[in-house]
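Note sheet for the following structure.
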Amino acid sequence: MSSLFVIQGRNRGTRFTIHAGQGAVSIGREAGNVIQLDDNEVSRRHAEIRRVGDADVVGDLKSSNGTFLNDARVDRAELASGDRIRIGRTILVYAKDGDDPATFAAVDIVPATVGTDGSRIIRTMREEDSIALAAPEDAQNRWLARARSNLQVMYRTSLAVSHTLDIDELLDSILKLVFEWVEADRGCIMLLDPGTRHLRTKARRDRKAENAATMQISRTILDYVLDHHEGVLTSDAQEDDRFAAGNSVVRTGVREAICVPMRGRYGTVGLIYVDTTTPMIEAIEKGQRRFSDDHLKLMIAIGHQAALAVEDTTYYSAMLQSERLAATGQAIATVSHHIKNILQGVRGGSYLVEMGLDGDNLAMVQKGWDIVRRNQNKIASLVMDMLSFSKEREPDPEPTDLAALIDDIVETVQQRADESGATIDWQAPTGLPLLMFDPAGMSRAVLNVVTNALDAVEGRPDAIVTVAADIDPDAKLVRITVTDNGEGMAPDTLADIFNLFVSSKGAKGTGLGLTVSRKILREHGGDIQATSTLGEGSTFVLEFPLRLASDAPHEPITPPPEDEA
């Protein structure tokens, strides 16, 4: 004998026993299952467990949302004690003979209580402090101190480049960090323009902002770094043989300077340059120079990190732009195709109207006008969906009779249902209180779902669309359910129905309706869920938070101003 213990879902705490020789143990939402789960995301017959030899095997019954074993989707898998089976929103723990499934699920986060539970936090550390190494007490071990310092520098640089996708913000942060580690007076970062390959200054920093002036940089040094892909350290550029012919070096009076290339995966993207304004003779008199080989090595490493970040940011921006263009193109193509189909319908109806008028045939005029009217409604619906999807808006809740709102929706689509031979089963619930929600938005969301259901049952025998509304006071939810007995959808199709421009109706659909409905529900703080079974139909459940009009704050009534005498 083995067992299943529900640890998540509405059936939480329930234990189901599986006896040897019991045969297939079905799991699903219908009452006929051996294990019935109260979960809207569970199919009517979702999965089963069979005894195969000495082992229990779980198998998926082509469910809409799939069966998961230890978070991996499975069609068929052998069970072991402690395995977790996820079906819809329900999670069950399996245990073999003699094992208690509750012990496998006995992990809980203990809520905070007054007093102490015996545990004490003795140390905390932020991400940026995790490698902030202190210098060793032994002053003679300078190599280790320098290595630790350099490691901290590179770690903080990597944090800076990983926490932003804005190039200007990124470069400014890097230059700020460089000034913390290098005793420079001035500095800048220049990027190569992808088109012209000219250097453009993107970040500038001065240690003493009040003394900031136009920064003159030697073209000779910049060209050397770009041409040789090497970092440059100079303690007196005017005495450096590499720049002997560089008149710009003489003009700028460069003393100590470091210039390194920003080399990424695909080439050089720019330069980092820092220098000092202290005259060299003054620095020598003080007995020290500010820049060393260690500073140069560190700057080269920083330049490489910065270049990788610039390349990644540029690639990401290009990818976003490409996706926007692709989405725009897809939107234009899809909407244009649908508008073209509507206009063809309008043109055909107009042709019938003209023929009827010429021949004084009122029946033909009526037939043509019906075609024009239906396509006119399609255009209006398309435009409203496009506006609803493209505009970010906050719902404007007001006291609304939900039953009356659905009455209006049913009345709107009744003629469409009559023409296709479908029945709309809607029984308005009694005693439903006034609710707070945006009536215009919610009407749009429900209308789209009901219209989709009518499309799904078109041409089916005994076609019926059932609409129901109720309040769940325990979950504090308002629930609207729309069910059809259409052809249903395969799991792959069901998984994509809320994606933009994805339609299961082929050329008849725009792929906007359900996307808009979900957007409106989520703006209300709710959501929409769908289940479907091939050959049986589909069910859509629209849920949003319960807010009673009687609980809403009332705005004070301001009396009109008195007329002046």
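For the reader, a short list of remarks on this structure follows.
- No other residue among VAL58, VAL93 is in contact with a strand residue (DSSP E or B) (Cβ under 8 Å, 6 or more places away or on another chain), assigned to a strand (DSSP E or B), over 30 Å from ASP474 (Cα atoms) and among the β-branched types (Val, Ile, Thr) apart from VAL58.
- Test for VAL42: is it assigned to a loop (DSSP other than H, G, I, E, B), at pLDDT 90 or above, open to solvent by less than 40 Å² (accessible area, probe 1.4 Å) and out of contact with any Pro (no Cβ under 8 Å at 6 or more places or on another chain): yes
- Test result for ARG547, modelled with pLDDT of 90 or more and of a type in the set (Lys, Arg): yes
- Across region 32-47, not a single residue is classified as basic (Lys, Arg) and within 21 Å of ASP97 (Cβ to Cβ).
- Single unsatisfied condition, ALA55 versus (1) closer than 17 Å to SER2 by Cα; (2) in contact with a Leu (Cβ under 6 Å, 6 or more places away or on another chain): (2)
- Tallying residues that are surrounded by 20 or more Cβ atoms within 10 Å (Cβ to Cβ) and in a loop (DSSP other than H, G, I, E, B) within region 61-82 yields 3.
- Single unsatisfied condition, VAL413 versus (1) over 29 Å from GLY88 (Cβ atoms); (2) in a loop (DSSP other than H, G, I, E, B); (3) aliphatic (A, V, I, L, M): (2)
- Unique match (being modelled with pLDDT of 85 or more and surrounded by 16 or more Cβ atoms within 10 Å (Cβ to Cβ)) among ALA404, ALA417: ALA417
- Region 45-60 - residue that is touching a residue at least 24 places away in the same chain (Cβ under 8 Å) and either surrounded by 20 or more Cβ atoms within 10 Å (Cβ to Cβ) or under 34 Å from the mean Cα position of the chain (by Cα) (or both) and, of those, nearest to ALA80 (Cα to Cα): ASP56
- If only residues of region 355-370 that are part of a helix (DSSP H, G or I) and open to solvent by less than 60 Å² (accessible area, probe 1.4 Å) are counted, the one that is nearest to ARG416 (Cα to Cα) is ASP370.
- The condition of being within 22 Å of THR515 (Cα to Cα), at pLDDT below 80 and open to solvent by less than 40 Å² (accessible area, probe 1.4 Å) holds for only one of SER336, SER388, that being SER388.
- Cβ pairs under 8 Å, 6+ apart, first in region 353-373 and on the phi > 0 side of the Ramachandran plot and modelled with pLDDT under 85, second open to solvent by 60 Å² or more (accessible area, probe 1.4 Å) and not aliphatic (A, V, I, L, M): none
- Test result for VAL449, in contact with a strand residue (DSSP E or B) (Cβ under 6 Å, 6 or more places away or on another chain) and assigned to a helix (DSSP H, G or I): yes
The values are calculated or read from the model by the stated rules, or taken from the named source; none is laboratory data. Values in this document were obtained by computation on a predicted structure and should not be read as measured data. Cβ: placed from backbone, ideal geometry, glycine included. Neighbour counts: every protein chain shown. We work out accessible area using only protein heavy atoms, side chains counted, and drop any ligands, DNA or RNA first. Shrake-Rupley method; radii C 1.70, N 1.55, O 1.52, S 1.80 Å.
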